[in-house]
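I have placed the structure first, in the form of structure tokens, so that the comments after it can refer back to it.
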Amino acid sequence: MKDLLLVVDMQNVYLKNQKWACLDTEGCARRILKLIDSGKITDVLFTRFIADKKASGVWADYNVKYADVNQSEYANAMVSDFDEVLKKYPLYTKGIYSSLAVPEVLDKCRKADRVFVTGVVAECCVLSTVLNLIDQGIYTVYVKDCVSGLDRPKEEATELILSGLSPLHVSFATSEEILKF
């Protein structure tokens, strides 16, 4: 089976004590690296959010509101835990929530038998990406302990929304379950 591990937006701005800190970005990073290092899923790709300077509508408003984050090299950089693996796997830039907005990401996802989704933010970029994967007819696995949201209620709400699409459109697993495959 050809599996793909999709790592969504693991950027510094989501680390503890940063402006958009998520509940467990650091723990997710460790568990994602453990999955990558295991070799269980050999096709891996990363995405990151970088504000589109040509954005219009609500995205233009978003970019103005969060200009301090958008202009910070540190905030936009990938979490340093991934420095080594990013030498081996591609990193794609997007300017909206869904990672599938990047044609190369969509193409790679379509070629996979299953896409394992990890990263941040559960209730924004991850949710949008999962819903887009489902709309594309791509078998999707939401890796619960490798996704972090702004807080536990938002993480739980995201899982509740997706549970309505399970088991046909999306399934759930933990990193430990995947390592036992």
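The values are calculated or read from the model by the stated rules, or taken from the named source; none is laboratory data. Model, not experiment: these values are computed from the prediction. For neighbour counting, all protein chains shown are included, and Cβ atoms are generated from backbone atoms with ideal geometry for every residue, glycine included. Keep in mind that these areas ignore ligands, DNA and RNA; they rest on the heavy atoms of the full protein, side chains included. Shrake-Rupley method; radii C 1.70, N 1.55, O 1.52, S 1.80 Å.
Calculate what fraction, in whole %, of the accessible area of the range 114-181 sits on carbon and sulfur atoms when a 1.4 Å probe is rolled over the protein chains.
Ligands and nucleic acids excluded, carbon and sulfur give 58 percent.
Within the accessible area of the range 28-73, what % is carbon and sulfur when the probe is 1.4 Å and the other protein chains stay in place?
Here it works out to 49 percent.
Of the cross-linked pairs K40/K111; K108/K144; K54/K154; K94/K144; K94/K154, which ones have a Cα-Cα span greater than 19 Å in the structure shown?
From K40/K111; K108/K144; K54/K154; K94/K144; K94/K154, over 19 Å: K108/K144; K54/K154; K94/K144; K94/K154.
Taking the full set of protein chains and a 1.4 angstrom probe, give the accessible area of R114 in square angstrom, rounded to the nearest 10.
We get 60 Å² for R114.
Scan [x] 20.8; [y] 16.3; [z] 16.8 for the value of Kirkwood radius over Cα pairs in Å calculated from this model and give just the label.
Here the calculated entry is [y].
For M78, M10, give me the order by solvent-accessible area with a 1.4 Å probe, most accessible first, ignoring ligands, DNA and RNA.
M78, M10
Helix-only estimate, please: 222 nm mean residue ellipticity of the chain, summing -39500 (n - 2.57) across DSSP H runs of length 4 or more and dividing by its residues, to the nearest 500.
My calculation for the chain gives -9500 deg cm²/dmol from helical runs alone.
Where is the GNM fluctuation largest for the chain (alpha-carbon springs, 10 angstrom cutoff): N63, N12, N76?
With Cα springs under 10 Å in the chain, the top fluctuation among N63, N12, N76 is at N63.
Restricting attention to the range 42-145, which GluC sites (Glu not before Pro) occupy a DSSP loop and are surrounded by at most 15 other Cβ atoms within 10 Å?
E84
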